[in-house]
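A short worksheet on the structure shown next.
Just so it is clear, none of the values below were taken in a lab; they were calculated from the coordinates. Keep in mind it's a predicted model, so treat the numbers as computed, not measured. Cβ placement follows ideal geometry from the backbone for every residue including glycine, while neighbour counts extend to all protein chains displayed.
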Amino acid sequence: MRKDKILITGANGQIGSVLTAQLRENYGHSNVLATDIRMPKEDTGPFELLDVMDAQKWAQLIDQYEITQVYHLVAILSASGEKMPKKTWDINVGSLLSLLEIAQEKKLNKIFFPSSIAVFGSDVPRINTPQNSVLNPTTVYGISKVAGENWANYYFQKYGVDIRSIRYPGIIGYRGLPGGGTTDYAVDIYHQALKSNAFECFLKADATLPMIYMPDAIKATLDLMEAPEEKIKIRTSYSISGMSFSPAEITAEIQKHFPNFVVDYKPDFRQAIAESWPASLDDQAARTDWGWKENYDLASMTKDMFFQLKKKITLTARA
Ligand code: SER
């Protein structure tokens, strides 16, 4: 058993709930402390309430549980962020800065923080967007993630804090639901296909975005965190991508399983956000430096999503 002790923030969230379970499997149940601003729905292991704006409590938990690694997942996403810009900046950047200070002071072994495709703006080639592009985001979420990437790099260069990061594309999973993102439609569409065979999409049919299936996102995160330090050449954040598709393409894939499935397009303010982001990413740096490789494409993800969601429905009905 490895001796690292891990703290996760935002552990009840879409990524947090899956990552917590995987880390507990890998590092041992009692070595992973889940934290969130709300109590979890089920008791699955060590948990503490934590508002990441309370740096003092955060530092105290790190001491109390002898934490050596932190996965800081808390963030307000793109669509929600537009409704509360100042709060989004305070939470997304303020909490990261608190953590970087704590990490430096307490000499934590490693930190993970997620960045996003939202760091890119309209000044980059939308197809195969290069890792090192001009970053002029249009959303406050994107602005906060660009700042976060630069702070991460600064603390690494100046103080040697071992912080690692991935620019997550839209993440599709079956366990929890995302909240407040522009890519959320790609999760909801599967639920609605099963529930009502119909879906109202807030993006246009051709709004192609980079996406990834949750098991690949978790694999990428753990591979990055477990890679030897010398392999991590980028200390801002690595672009990764599993696939790219538009609402029309995911619809066509779903129709292979549910031929009568219909989608009605009612684009809202999130369409402009989607248009400001890349359609596909060049993630060669992640592939070369620490061996990133996806397992799922749109067809295999869709098959597994329906298999897992149906299993969940059956289990819920039996309970
Ligand atoms: N899924 C995020 C969002 O849509 C992008 O990182 O905001």
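Couple of notes before you dig in:
- Length gained when the stretch Ala55-Asn260 is fully extended (0.36 nm per residue, less Cα-Cα span): 68.7 nm
- A crude spin-label estimate for the pair Lys106 and Lys158, with each label 7 Å from Cα along the Cβ direction, gives 2.1 nm.
- Summary value for the range 152-225: 37 percent relative contact order, contacts being C-alpha pairs under 8 angstrom separated by 6+ residues.
- For the pair Lys41 and Asp297, label points projected 7 Å from Cα toward Cβ lie 3.3 nm apart.
- For Gln157, net neighbour charge (Lys/Arg +1, Asp/Glu -1) across residues whose Cβ lies under 15 Å away: +1
- Compared with the dominant principal axis of the Cα atoms in the chain, helix 140-159 is inclined by about 30°.
- Nearest-ten-degree value, helix 214-226 long axis tilted from longest Cα axis of the chain: 20
- Summed residue charge, Cβ within 12 Å of Asp216's Cβ, Lys/Arg positive, Asp/Glu negative: -3
- Two-decimal log10 I(q)/I(0) for the chain, as the Debye equation yields it once each C-alpha is a single scatterer, q = 0.07, 0.15 Å⁻¹: -0.26, -1.28
- Within the range 110-165, the proportion of Cα pairs with more than 17 Å between them is 41 percent.
- Distance (nanometres) between label positions extended 7 Å along Cα→Cβ at Asn128 and His191: 3.7
- Scaled against the 2.2 N^0.38 Å expected of a compact globular protein of N residues, the Cα radius of gyration of the range 76-130 reads 1.46.
- Over the range 43-104, relative contact order from alpha-carbon pairs under 8 Å, at least 6 apart, %: 37
- Working note: Cα gyration tensor of the range 96-210, eigenvalues times five, square-rooted, sorted largest first, giving semi-axes of 32, 19, 10 Å.
- On Cα atoms only, tilt of 55-64 relative to the major axis of the chain in degrees: 70
- The three principal axes of the C-alpha atoms in the range 202-319 carry coordinate ranges of 51, 40, 23 Å, sorted with the longest axis first.
- From the largest down, the range 164-242 spans 50, 24, 19 angstrom on the principal axes of its Cα atoms.
- Distance between the range 150-217 and the range 2-16 - C-alpha centres, whole angstrom: 18
- Length available on full extension from Asp304 to Ala252: 0.36 nm per residue minus the Cα-Cα distance, which gives 17.1 nm.
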